[in-house]
Every structure is written in structure tokens, then in C-alpha cells.
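All of the numbers you see were taken from the coordinates with simple rules; none came from a lab. Nothing here was measured: the structure is a model prediction, and the numbers come from that model. No Cβ is skipped: glycine too gets one built from the backbone with ideal geometry, and neighbour counts run over all protein chains shown.
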Amino acid sequence: MGFSRRSVAFVACVLVMLSAAACSKDSKKPAAASASSSSSSSSASLAPSTTTTTAPPSACDATPPPASAVNVTHAEADFNGDGEPDTLTVYGTGTVQQPSPYHLQIQLAGSLGAADNAITDAATDNNQVVKALGGADITASAGLPPDGSGAEAFVQVGSGASDALVGVFQLIGCNITRLTGPQGAGPSLFPIGGSVTHLDGLRCDGTAGGVRLVQLSGTSNDGLSYNTTETRLQVQNGALTPLGAPIVATVDASDPQLQGFSALDCQGVLSP
């Protein structure tokens, strides 16, 4: 019976020790989990970060006017719509006596290069003036601001008996194109000036945060009064087209407003 009591006491002691050991092992498990979590967080913080960069716009690649260029003229405007002034250059590639063919080039600010195109109908002799006049954004339309493409380039491409002849060009990307119209699909060509019997001009009217081009004309049989016409123009798909019905009136020759019918009046553009 004595041996039996000692055996029972021994077994009880062993059970108590096993229970304590089990508790000790369980209490260490959260620490292991915590260490695992810390290791995971540390690995995440060491992961390489990625950054996104925007490639700069590619530069236009037209070559500068040659050193031998003649009748070189310049004007400034923002021709690509980025808010920076660009340089419009018109130059002849021939001789002083025969300066044609003429070219139009736009040197873009911010090291964006240059775009160039020939003026195919520019005057071929040195008796007529071909020059850069400047730029104005004329793409605003009713209820809408300009299209963001920048100013259109105005260039005097020649002259007639009593008029200067002006073409309007547009830069899209790295391409310079001549706007067509408003009469048919031919290249834009506006006479500026006049005589006792006729007057021709252009005006830029403010609209919707921008301007729209208005073609002006006046005719007279006696030089005392003029029948005037004002035609608003819009730019659509590279063409100047009439917008709405023309405004007609009869204006006395002494009326100061008649002077505008033989001039080019757009901010940023010289009158030839």
C-alpha cells in the first residue's frame, strides 16, 4: 500500500510538469507570429519602388534657313499652343533678283525644333513683297474657345496693283499647311488694300475667349458711298468657311469705320 501511494504521488508530479511545459510552449507562439509579421513588413519596405516618367515631345527636324537665304523676315507668336513664343521666319532661297522659291518656317520654343514648308504661290520676282506678318489664333467658334492648336501664321505672299495678298497657315504637329477657302478649295488668299472703287480687308473679332476672322469688302461706283460686306469665317478641318449670312450695309466715304475695310486688323499681326 505504501509503494502504491508513492507511485500515485510520482505520477501526479509528472502530470504537473507536463502541463507547465505545454503552457510554456503555447506562450511562445505569439512571439513567433510577431517575428514573422515584422520580417514580412521589413521585406515589404525593402521592395524596390517604381516611378513613371513622361517622355518629352519629339522635336521637329526641319533644317534652319540656309546662310544664303534672301529677303528674310521674322515675327513671333505661340504657333503650337504651349504658351511659349515661337518664331515665324519667311525667306527666299533664290537670288536677290529672283528670290523665289520662298519658304515659311516656324522655330519652336523649348528646343522643340522647327517645321518648314514651301510657299508655292509666293511672288517670283523682287518687285513684290513676301514677308512674315505674325500670328493670331482664329479658331474660336460660337460658344467654344479656340481649339488649342495655337496661332495661325499670316504671311504676305505677294501684291497686286493696289492690294497686298495674304495667306493663312496652320501648324499641326510638325506640319505647316495652308488653310483653304473661303472661296472654294484653293489656298487662302486675302487681298488687303483698295482703291476708289473697291476695298478689301480682314478683321479679328473677339468671341468665346478667342477671336474669329472676318473678311471685309466694299465697292463703290462714285467714290462717295460704299456697299460693304462683312463675312465671318470659321476654321474647320483645315479650311476657312463662311459662318452665317454676311452683314451688308451702305457706308458714306467720310465715315471713319470705312478705313477698316482696307486694312488687316488682328492683334499680333502686322498690316501689310
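Worth pointing out:
- Under 14 Å from a label point set 7 Å out along the Cα-to-Cβ vector of residue 63, the amide N atoms of the stretch 69-90 belong to 69.
- The stretch 60-265 - convex hull of the alpha-carbon atoms, volume per residue in Å³: 119 Å³
- For the stretch 55-98 versus the stretch 238-265, the spacing of their alpha-carbon centroids is 32 Å.
- Label separation (residue 197 vs residue 111): 5.9 nm, computed from points 7 Å beyond Cα along the C-beta direction.
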